[in-house]
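Trainee: Once you've had a glance at the structure underneath, I'll fire off some questions.
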Amino acid sequence: MLEMKGLRTEFVRYLEERYNYAHPGVMASNVLYSFYHDIGIPFEEIFRDEASMENGRTLLEKHFAKVHRKDPAGHAGVHYGCWLKFREFLEETGRFAQLLEDPELPNP
């Protein structure tokens, strides 16, 4: 089972080592938003394939509209970009299969 706090720390470290992003911690928080908030799709399901990620993006946009974000599409787009880097991290570290094997991560 993946432990999210440790995974977040590893993801931030991954971003810091490979990229020059100004706020890798914010990127990690953006990824985990969909873990800590019910957006209509289980967290691990988002990363299964491209179609699941697009579906997650659509659901996240609807969620942001529901909670009155000023720019739901823009916010969902930012999160989607972070999801792409998170999926890259999962694949490069061998965690992708581990996430998919864990079909029901515990609710925080």
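Trainee: Could you provide, to the nearest whole Å², the per residue accessible area of the chain with probe 1.4 Å?
Mentor: Solvent-accessible surface per residue comes out at 58 Å².
Trainee: Tally up the carbon and sulfur contribution to the accessible surface of the chain as a whole percent, 1.4 Å probe, everything protein left in place.
Mentor: With neighbouring chains kept in place, the figure for the chain is 50 percent.
Trainee: Can you list the HN-Hα couplings for the range 13-21, worked out from phi with the Karplus curve (6.51, -1.76, 1.60; θ = phi - 60°), rounded to whole Hz and with x for Gly and Pro?
Mentor: Computed from phi, the couplings for the range 13-21 are 4, 4, 5, 5, 6, 10, 10, 10, 6 Hz.
Trainee: Which FRET efficiency value, to the nearest 0.05, do you get for E45 and T9 by plugging their Cβ-Cβ distance into 1/(1 + (r/R0)^6) with R0 = 22 Å?
Mentor: 0.40
Trainee: What's the longest bit of the chain with no exposed GluC sites (Glu not before Pro), using DSSP loop states and at most 11 other Cβ atoms within 10 Å as the test?
Mentor: That would be 4-100.
Trainee: I've got another one for you. So which trypsin sites (Lys or Arg not before Pro) in the chain end up in coil per DSSP with only 11 or fewer other C-beta atoms within 10 Å?
Mentor: Those that pass, being in a loop and sparsely packed, are K70.
Trainee: Here is a follow-up. How large is ³J(HN,Hα), in whole Hz, for each residue of the range 69-79 in order, when computed from phi with the Karplus curve 6.51 cos²θ - 1.76 cosθ + 1.60 and θ = phi - 60°, using x for Gly and Pro?
Mentor: Along the range 69-79, the couplings run 5, 4, 10, x, 5, x, 5, 5, x, 4, 4 Hz.
Trainee: Which residues in the range 1-23 have a backbone N closer than 20 Å to a point placed 7 Å from the Cα of E101 along the Cα-to-Cβ line?
Mentor: 1-8, 10-11
Trainee: Please work out the ratio of the alpha-carbon Rg of the chain to 2.2 N^0.38 Å and round it to two decimals.
Mentor: Normalised by 2.2 N^0.38 Å, the Cα Rg of the chain equals 1.01.
Trainee: Which residues make up the longest stretch of the chain that has no chymotrypsin sites (Phe, Trp or Tyr not before Pro) in a DSSP loop with at most 16 other Cβ atoms within 10 Å?
Mentor: Of all site-free stretches, the longest is 22-108.
Trainee: Using the Karplus equation 6.51 cos²θ - 1.76 cosθ + 1.60 (θ = phi - 60°), what ³J(HN,Hα) coupling, rounded to whole Hz, does each residue of the range 43-54 give in order, writing x for Gly and Pro?
Mentor: The phi angles translate into 3, 5, 5, 3, 9, 4, 7, 4, 5, 5, 5, 5 Hz.
Trainee: For E91 and E16, compute 0.36 nm times the residue count separating them, minus their Cα-Cα distance, and round to one decimal in nm.
Mentor: 25.3 nm
The values are calculated or read from the model by the stated rules, or taken from the named source; none is laboratory data. Predicted model, so just to flag it, every value in this text is computed and none were measured. Because the Cβ atoms are built from the backbone with ideal geometry, glycine has one as well, and the counts that use them run over all protein chains shown. To get the accessible areas, we keep the full protein, side chains included, count just its heavy atoms, and leave off ligands, DNA and RNA. Shrake-Rupley method; radii C 1.70, N 1.55, O 1.52, S 1.80 Å.
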